[in-house]
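Below is one structure, written out as structure tokens; comments come after it.
The values are calculated or read from the model by the stated rules, or taken from the named source; none is laboratory data. Remember, predicted model here, so these are calculated numbers, not experimental data. With ideal geometry, Cβ positions are generated from the backbone for all residues, glycine too; neighbour counts draw on all protein chains shown. The area values use the complete protein model at the heavy-atom level, side chains included, leaving out ligands, DNA and RNA. Shrake-Rupley method; radii C 1.70, N 1.55, O 1.52, S 1.80 Å.
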Amino acid sequence: MTEGPAAAAGTGVTEPADGLPVLLGGARARQVDGTTCGSAVLVMLAATGDPALAQWLETGGPPAGPRPPEVPEEDVAGGAEERFAAAQQRVKAATGRRALGPLPWPTSLGTPPWTAAREARFPGLRYRVRPVDDTTEDGATVLGLVEGANRRGHPVPLYTGGDVRGGLAHAVPRHVVLAVPPPPGAAVPGTLRVYEPSRGAVFTVRSADLLGRTEAMPALGGWTHVVAALLPVPA
């Protein structure tokens with residue numbers, strides 16, 4: 001998985017307004033449809049810690065050792081874009097199972113946070129849901145925990161949404177992005193690097209700019225707030 005030309009806060013290089021493209025095997029790493037933002041994020045999270053999955057996404061070569069759960073059992077025709085799409089559908093099926101007790105989650109509603117935490121996969125970790133209120137001190141604390149996890153090399157899924165001023169439908173989690181670890185030696189205190197799956201791009205944002213927001217942000221998928229984080233804890 002690669003990004004476009006190096007650019008980040010603090011480097012003296014201006015980042016493009018639409019973020020730095022994230023490429024898998026030369027293809028832009030985008031969610032396959034309007035319901036798979038969470039699935040795309042969970043695939044990228046797993047690939048960050050699983051070289052076999054990353055290799056399959058990039059090249060299509062058979063993974064060494066056990067097949068990662070995101071890789072379909074059948075061959076996937078096409079290139080990297082099709083493989084990423086197939087992996088997203090595998091993850092979407094997994095997060096939809098037993099989401100409402102024994103009942104499945106409606107496919108049109110994307111990925112619920114509790115099953116995303118259940119299915120999130122990274123070596124030595126499990127994930128737990130932590131609500132975020134960006135108008136409070138606790139919200140700032142959670143974003144600090146996200147930055148700390150990234151500095152330790154651990155990606156963190158973030159759920160984004162609006163607020164009650166846009167109606168109740170806006171005040172619930174509506175989109176999923178991924179706070180990703182910075183490249184070695186490139187960490188900038190007080191910033192997060194956020195993979196946004198609808199654009200297939202990474203944005204560098206100041207953590208302070210995520211607090212008490214009133215305007216939408218491209219890094220949040222066009223939403224205003226971070227409303228929940230899946231924080232990593234030791235497995």
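Cα-based Rg of segment 126-235 per 2.2 N^0.38 Å, rounded to two decimals? Before the final figure, lay out the partial values.
Numbers: Rg = 13.0 Å, N = 110, 2.2 N^0.38 = 13.1 Å.
Compactness ratio reported: 0.99.
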Task: Residue of ALA179, ALA27, ALA120 that the Gaussian network model of the chain assigns the largest fluctuation, springs spanning Cα pairs under 10 Å - done: ALA27
Open item on the list: Projecting each Cα onto the charge dipole of the chain (Lys/Arg +1, Asp/Glu -1 at the beta carbon, about the Cα centre), which of GLY110, PRO51, VAL129 comes out farthest on the positive side?
Closed with: VAL129
Task: Under-5 Å amide H pairs with ALA228, H placed in peptide plane, nonlocal only - done: VAL132, TYR159
Task: Exposure rule at most 11 other beta-carbon atoms within 10 Å, DSSP loop GluC sites (Glu not before Pro): the chain longest free segment - done: 75-214
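Which of rounded, prolate or oblate describes the chain when judged by the alpha-carbon gyration tensor and an a/c cut-off of 1.5?
Details: a/c = 1.57, a/b = 1.18, b/c = 1.33.
Oblate, because a/c is 1.5 or more while a/b does not exceed b/c.
Residues of segment 1-124: accessible area per residue at 1.4 Å, in Å²?
Working: 6080 Å² over 124 residues.
Normalised by residue count, the accessible surface of segment 1-124 is 49 Å².
Counting each DSSP H run of 4 or more residues in the chain as -39500 (n - 2.57), what helix-only mean residue ellipticity at 222 nm follows after dividing by all residues, to the nearest 500 deg cm²/dmol? All intermediate terms of the calculation are to be shown ahead of the outcome.
Details: 5 runs with 61 residues, N = 235.
Value at 222 nm, helices only: -8000 deg cm²/dmol.
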Task: Between segment 211-235 and segment 88-122, the alpha-carbon center distance in angstrom - done: 20
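How large is the dipole of segment 127-235 about the Cα centre if only Lys and Arg carry +1 and Asp and Glu carry -1, each at its Cβ, rounded to the nearest 20 debye? Can you show the working numbers first?
Numbers: 10 positive and 9 negative charges, 66 e Å.
So the dipole magnitude of segment 127-235 works out to roughly 320 debye.
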Open item on the list: What does the C-alpha gyration tensor say about the overall shape of segment 1-120? Classify as rounded when a/c is under 1.5, otherwise prolate if a/b is larger than b/c, or oblate.
Closed with: oblate
Open item on the list: Between ALA187 and ASP33, what is the label-point separation in nm under the 7 Å Cα-to-beta-carbon projection?
Closed with: 4.0
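Keeping the other protein chains in place, figure out the carbon and sulfur percent of the accessible area of the chain, with a 1.4 Å probe.
Working: 6210 of 10830 Å².
Within the chain, the accessible surface is 57 percent carbon and sulfur.
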- [ ] Report, by chain and number, residues whose modeled amide H sits under 5 Å from the one on VAL176, excluding near sequence neighbours (fewer than 5 apart, same chain).
- [x] GLY38, THR160
TODO: Give the relative contact order (percent, whole number) for the chain; include only Cα pairs under 8 Å separated by 6+ residues.
DONE: 23
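How charged is the neighbourhood of ALA120? Take every other residue with its Cβ under 11 Å from the Cβ of ALA120, and add Lys/Arg as +1 and Asp/Glu as -1. Kindly include the intermediate steps, with their values, before the conclusion.
Numbers: positive: ARG118, ARG121, ARG126, ARG128; negative: GLU119.
Overall, the nearby charge balance is +3.
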